[in-house]
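Read-outs: derived from the displayed coordinates by stated rules, not from any lab. None of the values given here were measured: they were computed from a predicted structure. So basically every Cβ, Gly included, is an ideal-geometry build from the backbone, and we count neighbours across all protein chains shown.
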Amino acid sequence: MDKSKDTFSILLVVMLMGMLVSSCETSEGEPVYMGHEYFGHTHGKWLVYEVDSTVYDDFLEEVFHYEYQVKEISSRYTEALTGEDKMVLERFYRENDDAPWQIKNVWISQLTTTRALRTEENITYVKLSFPLWINPETLNRGNQWDGNLYNTQPAQDYVITHLHEPMQLGTMAFDSTLSVLQKDFYTLIGEEFQSETYATNIGMIRKEFVELSTDIDGTIIRGVDYSYELIDYGFEDF
């Protein structure tokens, strides 16, 4: 056996391992902060949201307002084709606190080293991109990515606007949250706005979605305006 080849192979492996380690460290040699805990990818977690929705129907010339609750349970892992685990999200709804929960749909979430993915109504979105960071000089813009990278919709830039900030939501206080601006588009005849807020070890605690068509005077013609706000959460061993 050629010992020189063995020595070269060992040195090559050591060099590659060193490069891998250094790629996950800062210039000072400290590990890079990734921020995976913001996605709350935890088996047994359940979240209850208050949903407020307004639909402007130009065909019926009516405005419909709905208030209801959605419960999302991270019920189990399922093996992905890539070898990475995916989480099954069982989602339920009810009209108020006294009504029984009814099954709504089933979504999927997946956490990789560099991305947090959610498949909603068979459409996969890149909710977060790691490592998380924000410009220390401006404090209003962080990492940016295409939220539609894994679907057929047009590219849509998501950007971190707040990171590691405390937030009070109703009666609940969160020590560390981040906000993702997904869309912010205004014209004389329309408005589109989307954003999500996440808290460490919990996941999404607030969502805003606005997609409206208007007259030049600002009168709303058609569209939808809804929000999700977390009102309760917990962890169970399912």
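Just want the answer: with Cβ charges of +1 for Lys and Arg and -1 for Asp and Glu, which residue in 106, 119, 89 is farthest toward the dipole's positive end in region 83-124?
Among 106, 119, 89, the one farthest towards the positive end of the dipole of region 83-124 is 119.
Taking loop as defined by DSSP and a crowding limit of 14 other beta carbons within 10 Å, which GluC sites (Glu not before Pro) in region 128-218 fit? Numbers along the way, then the final one.
Values: sites: 137, 191, 192, 196, 208, 211; in loops: 137.
Filter output for region 128-218: 137.
How long is the gain from residue 94 to residue 208 if the chain were fully straight, where each residue apart is worth 0.36 nm and the alpha carbon distance is subtracted?
Working: separation 114, 0.36 × 114 = 41.04 nm, distance 1.98 nm.
Taking 0.36 nm per residue and subtracting the Cα distance, the gain is 39.1 nm.
Calculate the spin-label point distance for residue 115 paired with residue 42, positioning each point 7 Å from the Cα along the beta-carbon direction, and give it in nanometres.
2.6 nm
Just to be sure I understand the model, the point goes 7 Å from the Cα along the line to the Cβ. What's the resulting residue 215 to residue 122 distance in nm?
For the pair residue 215/residue 122, the computed spacing is 3.9 nm.
If R0 is 30 Å, what FRET efficiency do you get for residue 168 and residue 66 from their C-beta distance, rounded to 0.05?
The pair residue 168/residue 66 has a calculated efficiency of 0.70.
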